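This report refers to the structure that appears directly beneath it.
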Amino acid sequence: MKVGIGQISPLAFPIFRFGLGAIVMAVVLRRREGSLRFQRRDVGLFLVVALLGISLNQACIVFALTLTTATNVALLTATQPIFTAVIATLVGDEILGRRHWLSVGLGMLGVVLVVEGGSAADAASGATAGAPGGLPLGEILALAVSLTAAASSVAIRRLLRRYSPYRILTIQMIIGTAMLLPIAAPSLAVQDYAAVGPVGWGALAYSAILAGVVTNLLYFTGIRRVGPSRAAIYQYVQSFLGVILAVILLREPLGVLQVVGGVIVIASVAVSRAGTPGSAAGRIRRRFGLPGLPG
(Lines give C-alpha, C1' and ligand atoms only; values in the text may rest on other atoms or scores of the structure.)
Protein backbone atom coordinates (compact mmCIF):
# COMPACT_ATOMS: atom_id res chain seq x y z
CA MET A 1 0.00 0.00 0.00
CA LYS A 2 2.87 2.39 0.74
CA VAL A 3 4.19 1.77 -2.78
CA GLY A 4 0.71 2.03 -4.33
CA ILE A 5 -0.22 5.38 -2.81
CA GLY A 6 3.08 6.74 -4.07
CA GLN A 7 1.48 6.65 -7.54
CA ILE A 8 -2.26 6.58 -6.83
CA SER A 9 -4.13 9.19 -4.76
CA PRO A 10 -4.60 8.03 -1.13
CA LEU A 11 -8.40 8.24 -1.34
CA ALA A 12 -8.61 6.78 -4.86
CA PHE A 13 -6.52 3.76 -3.84
CA PRO A 14 -9.08 2.11 -1.47
CA ILE A 15 -11.90 2.76 -3.96
CA PHE A 16 -10.05 0.79 -6.62
CA ARG A 17 -8.84 -1.76 -4.07
CA PHE A 18 -12.21 -2.67 -2.57
CA GLY A 19 -14.18 -1.95 -5.73
CA LEU A 20 -12.14 -4.63 -7.50
CA GLY A 21 -12.36 -6.86 -4.42
CA ALA A 22 -16.15 -6.44 -4.30
CA ILE A 23 -16.50 -7.48 -7.95
CA VAL A 24 -14.37 -10.58 -7.40
CA MET A 25 -16.26 -11.51 -4.22
CA ALA A 26 -19.68 -10.93 -5.83
CA VAL A 27 -18.80 -13.41 -8.59
CA VAL A 28 -17.46 -15.95 -6.08
CA LEU A 29 -20.47 -15.57 -3.77
CA ARG A 30 -22.93 -15.88 -6.64
CA ARG A 31 -21.33 -19.15 -7.70
CA ARG A 32 -21.09 -20.51 -4.14
CA GLU A 33 -24.36 -19.39 -2.57
CA GLY A 34 -26.56 -18.13 -5.41
CA SER A 35 -27.35 -14.61 -4.15
CA LEU A 36 -26.17 -11.57 -2.15
CA ARG A 37 -29.31 -11.30 -0.02
CA PHE A 38 -29.32 -10.75 3.73
CA GLN A 39 -32.04 -10.25 6.36
CA ARG A 40 -33.52 -6.79 6.89
CA ARG A 41 -32.83 -6.94 10.64
CA ASP A 42 -29.08 -7.03 9.90
CA VAL A 43 -28.98 -3.85 7.79
CA GLY A 44 -27.72 -1.77 10.72
CA LEU A 45 -25.00 -4.29 11.62
CA PHE A 46 -23.79 -4.50 8.03
CA LEU A 47 -23.63 -0.69 7.88
CA VAL A 48 -21.52 -0.70 11.05
CA VAL A 49 -19.01 -3.31 9.83
CA ALA A 50 -18.76 -1.57 6.44
CA LEU A 51 -18.21 1.86 7.98
CA LEU A 52 -15.65 0.63 10.52
CA GLY A 53 -13.93 -2.14 8.57
CA ILE A 54 -13.76 -0.49 5.14
CA SER A 55 -14.60 3.24 4.98
CA LEU A 56 -13.00 4.60 8.17
CA ASN A 57 -10.32 1.93 8.37
CA GLN A 58 -9.07 2.50 4.83
CA ALA A 59 -9.22 6.29 5.08
CA CYS A 60 -7.10 6.06 8.23
CA ILE A 61 -4.53 3.64 6.85
CA VAL A 62 -3.85 5.40 3.54
CA PHE A 63 -3.32 8.75 5.26
CA ALA A 64 -1.28 7.11 8.04
CA LEU A 65 0.98 5.66 5.34
CA THR A 66 1.17 9.10 3.73
CA LEU A 67 2.12 10.89 6.95
CA THR A 68 4.43 8.34 8.58
CA THR A 69 6.51 5.30 7.69
CA ALA A 70 5.18 1.83 6.90
CA THR A 71 7.34 0.65 9.81
CA ASN A 72 5.43 2.81 12.31
CA VAL A 73 2.07 1.75 10.89
CA ALA A 74 3.06 -1.93 11.10
CA LEU A 75 4.25 -1.60 14.71
CA LEU A 76 1.22 0.36 15.90
CA THR A 77 -1.33 -1.92 14.25
CA ALA A 78 0.02 -4.68 16.51
CA THR A 79 -2.25 -3.10 19.15
CA GLN A 80 -5.34 -4.53 17.42
CA PRO A 81 -5.53 -7.61 19.71
CA ILE A 82 -5.62 -5.30 22.75
CA PHE A 83 -8.39 -3.12 21.32
CA THR A 84 -10.31 -6.24 20.27
CA ALA A 85 -10.17 -7.79 23.74
CA VAL A 86 -11.28 -4.55 25.42
CA ILE A 87 -14.17 -3.94 23.00
CA ALA A 88 -15.31 -7.57 23.16
CA THR A 89 -15.44 -7.27 26.94
CA LEU A 90 -17.28 -3.94 26.92
CA VAL A 91 -20.04 -5.34 24.71
CA GLY A 92 -20.26 -8.53 26.78
CA ASP A 93 -18.87 -11.00 24.22
CA GLU A 94 -15.83 -11.89 26.34
CA ILE A 95 -14.56 -11.46 29.92
CA LEU A 96 -11.26 -9.73 30.69
CA GLY A 97 -9.31 -10.72 33.79
CA ARG A 98 -6.27 -9.19 35.46
CA ARG A 99 -3.91 -10.75 32.93
CA HIS A 100 -5.62 -8.98 30.09
CA TRP A 101 -5.56 -5.63 31.86
CA LEU A 102 -1.83 -6.14 32.49
CA SER A 103 -1.41 -6.76 28.78
CA VAL A 104 -3.36 -3.58 28.00
CA GLY A 105 -1.01 -1.57 30.23
CA LEU A 106 2.07 -3.12 28.62
CA GLY A 107 0.65 -2.53 25.17
CA MET A 108 0.03 1.14 25.87
CA LEU A 109 3.60 1.51 27.14
CA GLY A 110 4.83 -0.04 23.90
CA VAL A 111 2.64 2.34 21.90
CA VAL A 112 4.11 5.36 23.68
CA LEU A 113 7.65 4.20 22.86
CA VAL A 114 6.77 3.50 19.22
CA VAL A 115 5.18 6.95 18.86
CA GLU A 116 8.21 8.64 20.43
CA GLY A 117 10.61 6.69 18.24
CA GLY A 118 8.37 7.17 15.23
CA SER A 119 8.40 10.93 15.62
CA ALA A 120 12.17 10.89 15.24
CA ALA A 121 11.89 8.57 12.23
CA ASP A 122 9.26 10.85 10.67
CA ALA A 123 11.54 13.84 11.10
CA ALA A 124 14.39 11.91 9.46
CA SER A 125 12.19 10.87 6.51
CA GLY A 126 10.54 14.27 6.09
CA ALA A 127 7.08 13.16 7.31
CA THR A 128 6.53 15.65 10.11
CA ALA A 129 2.82 16.44 9.95
CA GLY A 130 1.18 16.64 13.31
CA ALA A 131 -2.23 16.85 14.88
CA PRO A 132 -3.37 19.76 17.09
CA GLY A 133 -1.22 19.91 20.20
CA GLY A 134 1.86 18.61 18.41
CA LEU A 135 0.82 14.94 18.43
CA PRO A 136 2.06 12.90 15.44
CA LEU A 137 -0.97 12.61 13.16
CA GLY A 138 0.37 9.62 11.22
CA GLU A 139 0.78 7.55 14.40
CA ILE A 140 -2.66 8.59 15.68
CA LEU A 141 -4.23 7.45 12.42
CA ALA A 142 -2.31 4.15 12.63
CA LEU A 143 -3.86 3.54 16.06
CA ALA A 144 -7.26 4.42 14.59
CA VAL A 145 -6.66 1.66 12.01
CA SER A 146 -6.34 -0.86 14.85
CA LEU A 147 -9.34 0.54 16.72
CA THR A 148 -11.70 0.47 13.72
CA ALA A 149 -10.54 -3.02 12.68
CA ALA A 150 -11.02 -4.31 16.23
CA ALA A 151 -14.53 -2.88 16.55
CA SER A 152 -15.45 -4.26 13.13
CA SER A 153 -14.20 -7.77 14.01
CA VAL A 154 -16.34 -7.88 17.15
CA ALA A 155 -19.42 -6.87 15.15
CA ILE A 156 -18.56 -9.38 12.41
CA ARG A 157 -18.64 -12.22 14.93
CA ARG A 158 -22.36 -11.56 15.45
CA LEU A 159 -23.01 -11.69 11.71
CA LEU A 160 -21.08 -14.96 11.45
CA ARG A 161 -23.85 -16.63 13.46
CA ARG A 162 -26.12 -16.27 10.41
CA TYR A 163 -23.91 -15.74 7.35
CA SER A 164 -20.80 -17.19 5.73
CA PRO A 165 -17.50 -15.25 5.62
CA TYR A 166 -17.99 -14.96 1.84
CA ARG A 167 -21.35 -13.21 2.17
CA ILE A 168 -20.22 -10.89 4.95
CA LEU A 169 -17.04 -9.83 3.16
CA THR A 170 -18.86 -9.22 -0.14
CA ILE A 171 -21.57 -7.06 1.42
CA GLN A 172 -19.04 -5.25 3.61
CA MET A 173 -16.90 -4.38 0.58
CA ILE A 174 -19.84 -3.17 -1.51
CA ILE A 175 -21.34 -0.97 1.22
CA GLY A 176 -17.97 0.28 2.52
CA THR A 177 -16.79 1.29 -0.96
CA ALA A 178 -20.11 3.06 -1.63
CA MET A 179 -19.74 5.01 1.64
CA LEU A 180 -16.21 6.10 0.75
CA LEU A 181 -17.00 6.99 -2.87
CA PRO A 182 -18.52 10.50 -2.32
CA ILE A 183 -15.43 11.57 -0.36
CA ALA A 184 -13.02 10.01 -2.87
CA ALA A 185 -14.78 11.30 -6.00
CA PRO A 186 -12.62 14.46 -6.34
CA SER A 187 -9.44 12.37 -6.04
CA LEU A 188 -10.69 9.97 -8.71
CA ALA A 189 -11.42 12.90 -11.03
CA VAL A 190 -7.96 14.49 -10.78
CA GLN A 191 -5.90 11.28 -10.67
CA ASP A 192 -3.30 11.12 -13.45
CA TYR A 193 -3.84 7.52 -14.53
CA ALA A 194 -1.19 7.68 -17.24
CA ALA A 195 1.43 8.35 -14.56
CA VAL A 196 0.68 5.07 -12.74
CA GLY A 197 3.26 2.47 -13.75
CA PRO A 198 3.29 -1.33 -13.60
CA VAL A 199 4.57 -1.23 -10.01
CA GLY A 200 1.66 1.00 -8.92
CA TRP A 201 -0.96 -1.16 -10.63
CA GLY A 202 0.75 -4.30 -9.30
CA ALA A 203 0.63 -2.92 -5.75
CA LEU A 204 -3.07 -2.18 -6.21
CA ALA A 205 -3.81 -5.68 -7.56
CA TYR A 206 -1.89 -7.31 -4.69
CA SER A 207 -3.71 -5.17 -2.10
CA ALA A 208 -7.11 -5.92 -3.67
CA ILE A 209 -6.89 -9.67 -4.28
CA LEU A 210 -4.38 -11.11 -1.81
CA ALA A 211 -4.49 -8.61 1.07
CA GLY A 212 -8.12 -7.58 0.51
CA VAL A 213 -9.97 -10.75 -0.50
CA VAL A 214 -7.88 -13.78 0.50
CA THR A 215 -6.63 -12.42 3.81
CA ASN A 216 -10.05 -11.19 4.96
CA LEU A 217 -11.71 -14.50 4.09
CA LEU A 218 -9.10 -16.30 6.20
CA TYR A 219 -9.50 -13.79 9.02
CA PHE A 220 -13.30 -13.96 9.06
CA THR A 221 -13.08 -17.76 9.15
CA GLY A 222 -10.67 -17.45 12.08
CA ILE A 223 -13.12 -15.18 13.93
CA ARG A 224 -15.89 -17.74 13.40
CA ARG A 225 -13.76 -20.61 14.74
CA VAL A 226 -11.86 -19.09 17.66
CA GLY A 227 -13.45 -15.67 18.33
CA PRO A 228 -12.23 -12.12 17.56
CA SER A 229 -9.70 -11.78 20.40
CA ARG A 230 -7.82 -14.99 19.64
CA ALA A 231 -7.95 -14.42 15.88
CA ALA A 232 -6.58 -10.90 16.36
CA ILE A 233 -3.53 -12.31 18.18
CA TYR A 234 -1.99 -13.15 14.81
CA GLN A 235 -1.90 -9.45 13.95
CA TYR A 236 1.56 -9.34 15.51
CA VAL A 237 2.85 -11.64 12.72
CA GLN A 238 1.64 -9.11 10.14
CA SER A 239 3.26 -6.31 12.10
CA PHE A 240 6.58 -8.14 12.36
CA LEU A 241 6.68 -8.95 8.64
CA GLY A 242 5.54 -5.41 7.79
CA VAL A 243 8.50 -3.95 9.67
CA ILE A 244 10.99 -6.36 8.08
CA LEU A 245 9.71 -5.68 4.56
CA ALA A 246 9.57 -1.91 5.11
CA VAL A 247 13.19 -1.84 6.26
CA ILE A 248 14.42 -4.13 3.44
CA LEU A 249 12.32 -2.95 0.50
CA LEU A 250 11.61 0.69 1.36
CA ARG A 251 14.87 1.39 3.21
CA GLU A 252 12.91 2.92 6.08
CA PRO A 253 14.73 3.90 9.30
CA LEU A 254 14.15 1.80 12.42
CA GLY A 255 15.11 3.34 15.74
CA VAL A 256 15.85 1.73 19.09
CA LEU A 257 12.67 3.09 20.70
CA GLN A 258 10.58 1.65 17.87
CA VAL A 259 12.20 -1.77 18.31
CA VAL A 260 11.75 -1.73 22.10
CA GLY A 261 8.17 -0.48 21.81
CA GLY A 262 7.30 -3.10 19.19
CA VAL A 263 8.74 -5.89 21.34
CA ILE A 264 6.69 -4.66 24.34
CA VAL A 265 3.50 -4.53 22.26
CA ILE A 266 4.05 -8.10 21.06
CA ALA A 267 4.95 -9.20 24.61
CA SER A 268 1.71 -7.67 25.86
CA VAL A 269 -0.22 -9.88 23.43
CA ALA A 270 1.70 -12.93 24.66
CA VAL A 271 0.87 -12.01 28.27
CA SER A 272 -2.83 -11.71 27.44
CA ARG A 273 -2.88 -15.28 26.07
CA ALA A 274 -0.29 -16.88 28.39
CA GLY A 275 -2.77 -18.72 30.56
CA THR A 276 -5.39 -19.66 28.01
CA PRO A 277 -6.03 -23.39 27.54
CA GLY A 278 -4.73 -23.43 23.97
CA SER A 279 -1.54 -21.47 24.58
CA ALA A 280 1.92 -23.01 24.89
CA ALA A 281 2.38 -21.44 28.34
CA GLY A 282 -0.98 -22.81 29.43
CA ARG A 283 -0.06 -26.34 28.29
CA ILE A 284 3.31 -26.19 30.12
CA ARG A 285 1.64 -24.89 33.28
CA ARG A 286 -0.91 -27.73 33.26
CA ARG A 287 1.72 -30.36 32.42
CA PHE A 288 3.88 -29.52 35.45
CA GLY A 289 1.13 -28.34 37.78
CA LEU A 290 2.43 -24.77 37.94
CA PRO A 291 0.27 -21.94 39.30
CA GLY A 292 -0.91 -19.31 36.82
CA LEU A 293 -1.55 -15.61 37.03
CA PRO A 294 -5.24 -15.13 37.97
CA GLY A 295 -7.18 -14.52 34.75
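The values are calculated or read from the model by the stated rules, or taken from the named source; none is laboratory data. Here the structure is a predicted model, which is why all the values come from computation and not from measurement. Backbone-built Cβ (ideal geometry, glycine too); neighbour counts: all protein chains shown. Only protein heavy atoms, including side chains, enter the accessible area calculation; ligands, DNA and RNA are left aside. Shrake-Rupley method; radii C 1.70, N 1.55, O 1.52, S 1.80 Å.
Things to note:
- In the context of the full set of protein chains, segment 188-268 has a per residue accessible area of 55 Å² (1.4 Å probe).
- Förster radius 45 Å - calculated FRET efficiency between residue 238 and residue 39, Cβ distance, rounded to 0.05: 0.90
- Alpha carbon centroid spacing (whole Å) that separates segment 9-28 from segment 143-191: 11 Å
- FRET efficiency for residue 161 and residue 102, using Cβ-Cβ distance with R0 set to 30 Å, rounded to 0.05: 0.45
- Taking every alpha-carbon pair within segment 40-108, the share separated by more than 17 Å comes to 59 percent.
- Diffusion constant of segment 154-265 at 10 °C, which comes from Stokes-Einstein with the Kirkwood Cα-pair radius and 1.306 mPa s, µm²/s: 93 µm²/s
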